[in-house]
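Single-structure report; data block below.
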Amino acid sequence: MENILSLLPEELEALMAQIGEPKYRARQLFSGLHKGLAPEEITNVGKKTVAKLSEVTTYHLPTPRRRLVSAIDGTIKYLFELADGNCVEAVVMHYKHGSTICISSQVGCRMGCKFCASTIGGRVRDLTPAELIGQVIAAQKDMSAHDPDARIGGIVMMGIGEPLDNFDNVIKFLKLVNAEDGICIGYRHISLSTCGIVDKIYELAKQDLPITLSISLHAPDDTTRSSIMPINQKWGVDALLSACKDYFAATGRRISFEYTLIRGKNDSVASAEQLASVLNSRLRSRSETMPIHVNLIPVNPVEESGFDRSEDKAVKAFAAALEKKGIRATVRRKLGADINASCGQLRRAEQNKT
Ligand code: SAH
């Protein structure tokens, strides 16, 4: 049976009709469920309805198994336990304009990026739409219990997993989280980060969901990129940037590029110049200036990878070389440094314990 949290408003309406309940009840149910209430806790849904629902659906919300709060900046990291005992991570970061949650899209990951902790044990399984939205609902519920004014206003899909490798469930999740009677976060406040599954980027562009796309680029040339990201052996930098161009043409949404700086691997000024020239030549023509933004992230060393962070000096020089060629670059502010807030680290720490 499907978790009731996976159902879109119109699917819930159809379900209510199927069990002989009036349609309008679906709205109350959807709204209550997305506030973090179990079906039996929603006041205007009667006991008989709850019983009928439980014959055709299940209900489970991810439960916080661990909750770490950064003493430095208030970042909250959750290790959520799913119905089958698997765990995923989500992180809530506080910015001047509000709180944003970073959620996981799969249990583990099969993309094999050499610097990433999430992929070490491979992919266990995809998350369902209920588990994707469940992370947002459960985090919001927990935050509200501590502070009634706390509100999640943005979502980034940058946690464990490759969102475009779980395409259909992610698309459904985007519709669920955007639905009026639920959490209702606008598409413009959602970003999806991908290692570059090119055929799915074209498919995403067709969906008419104006979310921000983040591309994990990490190298300007195929030799370097293939050596740290196996996906590049299937689709090289050129094919990836063509897909980005198409995405921008279709949605008008700016694309940001993630670039993890690894000492001695991809962090020279020559690499920065090559990156700027590749982005400028492949994405911009004389008549149009596509807004491009590069997010520089000094690598978080993962024991197994043997990669080291670039020195501060190298990071600054890299950013300056990009700016000089008209590419906006920022160095990612490190949030939650004291709580293992980077992707996959907490889940791995927990696995190593057992
Ligand atoms: N699979 C998606 C989303 C998850 S990773 C993707 O590849 O984009 C989120 C971001 O963190 C990606 O840009 C990823 O390359 C980066 N990342 C992963 N491990 C990292 C590490 N050890 N240090 C710095 N950035 C890392």
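Since every read-out is calculated from the coordinates, none of them should be taken as a lab result. Note that the structure is a prediction, hence the values are computed from the model and not measured. With ideal geometry, Cβ positions are generated from the backbone for all residues, glycine too; neighbour counts draw on all protein chains shown.
Select from region 201-245 the residues that are buried (at least 17 other Cβ atoms within 10 Å of the Cβ), among the β-branched types (Val, Ile, Thr) and more than 21 Å from ILE120 (Cβ to Cβ) and write down the one among them that is nearest to the ligand (Cβ to nearest atom).
ILE215
Just wondering, is there one or more residues in region 48-63 that are under 22 Å from the mean Cα position of the chain (by Cα) and within 21 Å of ILE339 (Cα to Cα)?
Yes, region 48-63 contains at least one residue that is under 22 Å from the mean Cα position of the chain (by Cα) and within 21 Å of ILE339 (Cα to Cα).
Identify, by number, the condition in (1) more than 16 Å from the ligand (Cβ to nearest atom); (2) over 14 Å from the mean Cα position of the chain (by Cα) that ILE133 doesn't meet.
(2)
Checking the conditions here, which among SER310, SER285, SER268, SER277 is within 12 Å of the ligand (Cβ to nearest atom) and among the polar types (S, T, N, Q)?
Going through SER310, SER285, SER268, SER277 in turn, the sole match is SER310.
Just the residues that are in a loop (DSSP other than H, G, I, E, B), within 22 Å of GLY121 (Cα to Cα) and either touching a Cys at 6+ places or on another chain (Cβ under 7 Å) or among the small types (Gly, Ala, Ser) (or both), please, taken from region 54-103.
Within region 54-103, ALA83, GLY85 meet the criteria.
Do you know which residues across region 55-94 are of a type in the set (Ser, Thr, Tyr) and either surrounded by 17 or more Cβ atoms within 10 Å (Cβ to Cβ) or without any contact (Cβ under 8 Å) to a residue 12 or more places away in the chain (or both)?
Of everything in region 55-94, those that are of a type in the set (Ser, Thr, Tyr) and either surrounded by 17 or more Cβ atoms within 10 Å (Cβ to Cβ) or without any contact (Cβ under 8 Å) to a residue 12 or more places away in the chain (or both) turn out to be THR57, TYR59, SER70, THR75, TYR78.
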